[in-house]
Every structure is written in C-alpha cells, then in structure tokens.
Ligand SMILES: C[S@@+](CC[C@H](N)C(=O)[O-])C[C@H]1O[C@@H](n2cnc3c(N)ncnc32)[C@H](O)[C@@H]1O
C-alpha cells in the first residue's frame, strides 16, 4: 500500500466537511480491521462501496493509519472516560479515531477543537448515531480538557503506553530485552520511504539528480548491499517519483534490498523465487543478472502483480506460476536450482509501522502456525537446490520463532547445509531507517548427493 497522505488540496470552505467525512471513513476502516479484515482489503472495498474519491481514500487511509497506531492509547482513554461499553460499534470506532488523534499529538492542519466539533457533526449526520451527539460532545470535550491527566493514567497500562496488544509486547520484551521499547516506540511513527534505483536504468547518483530537479531530496546509505538505495527525506505518492512509470525506480525498504545481493546471482543461473508476489525481490534479482527465473506464488490474485512489476521495470520475463511452493511434486520439473529465495510468509512483525493493522489482527497462536509453515517450506525446497547452490531464507519478522530459531532448527536437521554468513536480524529500534527483517543464507555442501 502506498504511503498515505492527508488531503493537500481541500476546496475552500469544504475543509470542515472534508474532515467530518474523513473521520467517518477512518472509523469505518477501523471497524473493518477490528472485525478481522486487513487494511489492504478493507480500503479498496470501502472506497468502492462508499464511492470515495482518490483524495477521500487517501485521507481515510492517513487517518485510519493514525488511529491504528494510537489504538491502544485511545482504547484506554475511552475506558477511563466511559467504563461502560459504547454501542453501537460504529460510534465506538468514531470515538476511538477521534481519541487516537487527540492523544497522539502531531502537527495537523486543524485545531483540536475543530476535530471535536467535526466528530460531533459527523455523528449527527449518521441516522444510527445522531442520538449520541451529546455523548460524543461530552466525552471528547472532557478528553480535550483533561488530556494530561487522562494520558498520565492511561500510560500506566502497557497496551496504551506501547500501542500494541499485550502478547506482542511480551514477545518483543522476551526476545529483545534491550531493544523492545525503542522498537515499539518506532512503530508509532510513519516509516521512511526508501527507493531502489534500477541498475539497468542507471546509477543512484543519476536518479538523485532527477529527484532534486523534482524538488525531492534523499540520502544514499553507504552500507554494503545498499548501493542502489535512496531514502527520501519525505514520503510522496509514487506518481510523484520521477520516471517511476518508465521503470527507473522501485519502492522497497532497505532491509528487503539486501536479499538479492546475498543470493549472488549470475547470468544463466536457474533461480527459484518461491514466494514471489508482488515481485519486489524477483525484480531486484533480474536487475542484477539475466537469470532463468521461476517465480511461484500461491495467491492467484497476487500472482499477476509479479509480471506487472517486471513489465514496469523493463526487465526480462520470469516464468510465473500459481503454485504452492511447499508441494514441489505439483510444479517442479526435476532440474535443480542454483539459487533459491524463500521470502517466507510471516507475522510481518518487523513492518508493523508500515502496516499498523497487523498488530491488531494477529493472534499469539498465529506465530506457531506461521513458523510451522516456514519450516515446511524450507524442508520442501532444500532438496531442489543443487550441491554448491545457495538458499536465502528471509522474513520481515522480529520474532525469533520465525528467524533465528527457524535457521538453527534447519541447520540441526540438515547435515548438508552450511550457514554462509551469520544469520542477520535487523531490528527497527536499532536501525530506524530500516524495517525489521531476518535472513539466513545457506549453502548446500558441494559433495552433497545431487
Ligand atoms: C513476504 S511475501 C513475498 C514478498 C515478495 N518476495 C517481494 O519481495 O515482493 C510472501 C508471499 O508468499 C505467498 N505465499 C505464502 N505461502 C506460499 C506458498 N506455500 N507457496 C507460494 N507462495 C506462498 C504469499 O501469498 C505472499 O504473496
């Protein structure tokens, strides 16, 4: 999902009405997420059903993101203001959006009293909520007047302090005793927007020049593996990126940009990208070498995005198949691969600032199920690698069950596997400009049976 932006061109006189609409739209988004739907699915569905314009959709997304990032705090403040459950749910969601915005002060183009006023008006315009105008007015005015005291009390509760569910906080604290707080704090902030300049198009210095001509600036990280990366000083919609449509550049976090380089691909190699959609890493591999690449994706709806990505970047075609990578008997032709990338499905706990719905959608037991699926994928794919070949296992997770423990378990069970580099865990708290990411690079012993 592209980085959200608040409306930047509100027609004169329509500002207040726009905010009213945006609050209701964000409340609808929040409601969908709290019913178990991802933001990525809820946003297009609501936008189509409620006929939002592009600007309305972007504004709903921006407010929805803020509300989800501040949901733990907003819930606790609402509980302090009104211990009884608020009904109907739509009213509760509207209050939560308004309280999240009031409790996470950031620079906004409107004053708090405007926000309160518009939330009350929004309520009045909804037939099912109109009766609650007085309540919304009273609660939000108290929230505004007693903000300091309410926050002081709310922040005694961990879920409010860190804006994540308790099990997630516990898991981070147990795994990363020195980093968990910084990691969770960072998840309250919008993420950086990082680009990967297409090597086949040109150098990052050339692209930096185009950015500057377009009034955008960026920093070029100097770490090995990030030679084509540029971190923008501020996020912009992709259509504002120069030469985006002609394939000069992709949006890809710096951690994810490490993957293709670690594989060390060369022309002519037979490469498997086992979990490929939307094709960010597939494309990066093909920017580095003319490989014979098979991209698998289990999700029929997502698979076409791989070819779209390659087409936009003017890259060689890959063979794309809709298939379950854990079932090679249904798609493998028997010829061994030189390289395998397993960018496995995971909790996405390392990118919770990019997808603030994830922390509220996942359950603790999901982690065990995901770890089991990752283990099955690793086991199924390993026999497909030729002796001397490399397999890169990666997840955008910070939970060890999906990272280091998975890698250790794999090495313990596979005598023909070597760890080529020490497994890497990137923690967003330590590297704020990067997403959380885990990678383990395995080589198959050259003397292993083919
Ligand atoms: C982390 S995403 C991949 C991101 C991608 N590598 C990129 O860089 O753009 C994981 C993908 O794997 C797919 N997937 C999950 N289980 C799979 C399986 N058993 N076989 C193939 N694809 C799978 C998911 O639908 C999802 O699109």
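The single residue among 326, 318, 274, 336 that is touching a strand residue (DSSP E or B) at 6+ places or on another chain (Cβ under 7 Å), within 8 Å of the ligand (Cβ to nearest atom) and either in contact (Cβ under 8 Å) with a residue 60 or more places away in the chain or at negative phi (or both) turns out to be 274. Being more than 12 Å from the ligand (Cβ to nearest atom), touching a strand residue (DSSP E or B) at 6+ places or on another chain (Cβ under 9 Å) and either within 20 Å of residue 416 (Cβ to Cβ) or assigned by TED's automatic domain parsing to the domain that holds residue 288 (or both) is a property that residue 385 has. Quick check on segment 352-368. Is at least one of its residues near the ligand (Cβ under 10 Å from one of its atoms) and either out of contact with any strand residue (DSSP E or B) (no Cβ under 8 Å at 6 or more places or on another chain) or more than 28 Å from residue 436 (Cα to Cα) (or both)? No; the residues of segment 352-368 include none that is near the ligand (Cβ under 10 Å from one of its atoms) and either out of contact with any strand residue (DSSP E or B) (no Cβ under 8 Å at 6 or more places or on another chain) or more than 28 Å from residue 436 (Cα to Cα) (or both).
Within the set 189, 216, 243, the sole residue that is at pLDDT below 95 and away from the ligand (no atom under 16 Å from the Cβ) turns out to be 189. Here segment 390-423 is the region considered, the condition is being in contact with a strand residue (DSSP E or B) (Cβ under 7 Å, 6 or more places away or on another chain) and surrounded by fewer than 16 Cβ atoms within 10 Å (Cβ to Cβ), and the residue that is nearest to residue 252 (Cα to Cα) is 421. Report yes if residue 425 is assigned by TED's automatic domain parsing to the domain that holds residue 169, assigned to a strand (DSSP E or B) and closer than 30 Å to residue 68 by Cα, otherwise no. Yes: the conditions hold for residue 425.
Only one entry of 310, 288 meets the criterion of being away from the ligand (no atom under 12 Å from the Cβ) and under 22 Å from residue 246 (Cα atoms), and that entry is 288.
On inspection, residue 298 does not qualify as near the ligand (Cβ under 8 Å from one of its atoms), over 26 Å from residue 407 (Cα atoms) and surrounded by fewer than 23 Cβ atoms within 10 Å (Cβ to Cβ). Tally up the residues in segment 52-85 that are in contact (Cβ under 8 Å) with a residue 24 or more places away in the chain and not in a helix (DSSP H, G or I), please. Total satisfying the criteria: 3. Scanning segment 119-139 for residues that are under 31 Å from the mean Cα position of the chain (by Cα) and free of Cβ contacts under 8 Å to residues at least 60 places away in the same chain returns no hits. Only residues that are over 20 Å from residue 355 (Cα atoms) and either crowded, with 18+ Cβ neighbours inside 10 Å or modelled with pLDDT under 95 (or both) were counted in segment 56-79, giving 3. The residues on offer are 205, 185, 149, and the sole one that is assigned to a helix (DSSP H, G or I), in the same structural domain as residue 237 (by TED's automatic domain parsing) and surrounded by fewer than 22 Cβ atoms within 10 Å (Cβ to Cβ) is 205.
The values are calculated or read from the model by the stated rules, or taken from the named source; none is laboratory data. Every value quoted in this text rests on a predicted model; they were computed, and no experiment measured them. All Cβ positions, glycine included, derive from the backbone under ideal geometry; neighbour counts span all protein chains shown.
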